[in-house]
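Reviewing the structure listed below.
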Amino acid sequence: DFGQPDLVVPSTPIDVPASGLDMWHRPFVPVGNTEERCIKALQVKPQGSAKAVVHHANSTFRLLQEDGSFNQAGRATEYAMGKLGEIIPDGVCRVLPADAYIRWSIHMYPGGLGATAANDVIEGNVVDLGIWLHPADYEYEYKQDLASYRIREGELVMAPHGTAMTQGFHSFDHPVRIDSFQPHGHLRLRSASLEIFYPETGQTEIISMVSNWSATWHQSHIFEDDVAPLVPTGAVLIMKQWFDNTSANPNNPDPDQWVDYGQRTADEMSHFWMAVSHLDEEGYEKIVEEREAAEEEQRIAVS
């Protein structure tokens with residue numbers, strides 16, 4: 001329990017009707033900090049019954065320029081229906097820049113979605129971003145970022161009563177640690193997996209699998225420090241998602257519809273959000289050695 005957040009950054013209010021087309025709201029709001037700090041945790045919470053109509057709420061840090069424009073300065077966090085929040089592991093830093101603004105990108109679905117549906121006008125809909133900070137003298141070795149990793153292979157077009165599968169690949173020119181991952185999809189997504197392919201051995205390791213997907217339960221799956229997947233330089237992340245536009249999918253509102261990629265709730269999307277700590281070779285080897293030593297101690301203790 002981290003207690004109350006050090007900073008709370010609300011979006012500007014907007015009225016959401018009881019029915020109608022998808023809506024987007026993209027205000028800029030000052031964070032209120034004057035110095036650069038490292039973030040300990042973040043949580044996005046739509047106020048009151050607004051949680052029924054907020055499909056997602058993404059937030060990026062922006063810096064105000066002399067000419068009145070804004071430069072992007074990293075991602076703060078991401079929220080989709082049901083998400084609880086993010087915790088950044090000790091020893092790494094997700095940076096909050098000094099004098100930052102939050103640029104909100106909020107997608108709303110009038111009438112609500114799922115069991116929490118309000119089916120009413122939401123007046124003054126506001127989304128809050130809570131930020132917990134490390135002390136100003138916090139020491140860290142590596143930086144962490146949150147990014148959206150696109151899944152581009154496979155055609156995300158579903159005929160009525162059809163299915164689809166997509167996959168994506170990503171590698172880094174340096175070693176990394178995957179601190180958390182969160183699949184993103186809409187009403188036809190059923191399951192998703194994260195794998196690592198090691199070119200040197202030809203082996204593939206399944207890191208995590210999400211099944212029985214629900215669009216009202218987007219969770220950031222946070223790995224414990226001692227088991228967070230380590231990805232050596234050149235290894236390949238394999239991201240897969242499976243979609244079901246048939247009547248067998250309990251989340252499917254209308255299996256008679258064609259479904260394509262798009263931003264609306266009725267469309268589909270296919271990507272992963274992942275929080276990644278960017279290591280160097282020395283740091284990677286150090287973590288590997290520490291884990292091997294811990295495993296050896298455990299073997300001795302139970303033998």
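Roll a 1.4 Å probe over the protein chains and send me the accessible area per residue for the chain in Å².
49 Å²
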*asked:* For q values of 0.14, 0.15, 0.32 Å⁻¹, compute log₁₀ I(q)/I(0) with the Debye formula on a Cα-only model of the stretch 248-291, without solvent.
replied: -0.57, -0.59, -1.10
_Which three numbers, in whole Å and largest first, are the semi-axes of the equivalent ellipsoid of the stretch 25-114 derived from its Cα gyration tensor as √(5λ)?_
25, 18, 9
*Identify all lysines with a Cα-Cα distance to Lys83 below 26 Å; exclude those on the same chain that are fewer than 8 residues away in sequence.*
Lys40, Lys45, Lys51, Lys143, Lys240
*Leu156's amide H: which non-local residues (gap 5+, or another chain) put their own amide H closer than 5 Å, with H modeled 1.01 Å from N in plane and none for Pro or chain starts?*
none
_Using Cα-Cα distances under 8 Å and only pairs 6 or more residues apart, what relative contact order does the stretch 135-270 have, in percent?_
36 percent
*In the Gaussian network model of the chain, springs joining C-alpha atoms below 10 Å, which of Asp225, Asp267, Asp67 carries the largest mean-square fluctuation?*
Asp67
*asked:* Under the 0.36 nm per residue contour assumption, what length would be gained going from the current alpha-carbon distance of Glu155 and Leu21 to full extension?
replied: 45.7 nm
*Among Ile287, Ile39, Ile87, which one moves the most in a GNM of the chain with springs linking Cα atoms closer than 10 Å?*
Ile287
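Please return the longest stretch of the chain lacking exposed loop sites, where chymotrypsin sites (Phe, Trp or Tyr not before Pro) count only if DSSP places them in a loop and at most 14 other Cβ atoms lie within 10 Å.
Details: sites that count: Phe2, Tyr138, Trp217, Trp258.
The answer is 3-137.
Taking each pair of different alpha-carbon atoms in the stretch 144-303 once, compute 1/r for the pair, average those values, and report the inverse of that mean as the Kirkwood hydrodynamic radius in Å to one decimal. Numbers along the way, then the final one.
Numbers: mean 1/r = 0.0582 Å⁻¹.
Evaluated on the stretch 144-303, it is 17.2 Å.
Among rounded, prolate and oblate, which fits the chain when a ≥ b ≥ c are the square roots of the eigenvalues of its C-alpha gyration tensor, a/c under 1.5 means rounded, and a/b larger than b/c means prolate?
Details: a/c = 1.94, a/b = 1.17, b/c = 1.66.
Verdict is oblate for the chain.
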*Going 7 Å from the Cα of Asp173 toward and past its Cβ, which residues in the stretch 69-99 have a backbone nitrogen under 19 Å from where you end up?*
none
_Taking a virtual spin label 7 Å from the Cα of Asn119 along the C-beta vector, which residues in the stretch 1-35 bring their backbone nitrogen under 20 Å of it?_
16-22
*Go ahead and run the numbers for FRET between Glu205 and Asp254, Cβ-Cβ distance against an R0 of 30 Å, rounding to 0.05.*
0.20
*Full-extension gain in nm, Gln263 to Arg299, via 0.36 nm per residue minus C-alpha separation*: 7.9 nm
*Quick one: putting +1 on the C-beta of Lys and Arg, -1 on the C-beta of Asp and Glu, what dipole do you get for the chain around its Cα centre, in Debye to the nearest 20?*
1220 debye
*What residue among Pro110, Pro175, Pro253 has the largest mean-square fluctuation in a Gaussian network model of the chain, using Cα springs under 10 Å?*
Pro253
*Note down the relative contact order for the stretch 200-303 as a percent, whole number, built from C-alpha pairs under 8 angstrom at least six residues apart.*
17 percent
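Hey, any idea what % of the chain's accessible area is carbon plus sulfur with a 1.4 Å probe? Walk me through the numbers before you get to the answer.
On the way: 7200 of 14890 Å².
Exposed carbon and sulfur together represent 48 percent of the surface.
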_Would the stretch 114-201 count as rounded, prolate or oblate if I go by the C-alpha gyration tensor, calling it rounded below 1.5 in a/c and otherwise prolate when a/b exceeds b/c, oblate otherwise?_
oblate
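Report for the chain the percent antiparallel among DSSP-assigned beta bridges with both residues inside it, nearest 5. Mind dumping the intermediate values first?
Working: 85 of 88 bridges.
In the chain, approximately 95 percent of DSSP beta bridges are antiparallel ones.
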*Picking from Gly111, Gln43, Val31, whose Cα lies most toward the positive end of the charge dipole for the stretch 1-111 (charges on Cβ: Lys, Arg +1; Asp, Glu -1)?*
Gly111
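Only four residue types carry charge here, +1 at the Cβ of Lys and Arg and -1 at the Cβ of Asp and Glu. Report the dipole size of the stretch 140-187 about the Cα centre in Debye, rounded to the nearest 20.
Values: 4 positive and 6 negative charges, 19 e Å.
Dipole magnitude for the stretch 140-187 comes out near 100 debye.
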*Relative contact order, percent, of the chain when contacts are C-alpha pairs under 8 Å separated by at least 6 residues?*
22 percent
*Only Lys, Arg, Asp and Glu count, each charged at its Cβ (+1, +1, -1, -1), so figure out the dipole size of the stretch 21-151 about its Cα centre, rounded to 20 debye.*
420 debye
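Taking 0.36 nm per residue of sequence separation and subtracting the Cα-Cα distance, how much length would be gained by fully extending the chain between Ser105 and Val236, in nm to one decimal? Present the calculation step by step, with values, prior to reporting the outcome.
Details: separation 131, 0.36 × 131 = 47.16 nm, distance 3.02 nm.
That works out to 44.1 nm of additional length.
The values are calculated or read from the model by the stated rules, or taken from the named source; none is laboratory data. Since we're looking at a predicted model, the values are computed, not measured. Methodologically, a virtual Cβ is constructed for each residue, glycine included, from the backbone with ideal geometry; neighbour enumeration extends over all protein chains shown. Note: accessible area is taken over every heavy atom of the protein model, side chains too, but ligands, DNA and RNA are not part of it. Shrake-Rupley method; radii C 1.70, N 1.55, O 1.52, S 1.80 Å.
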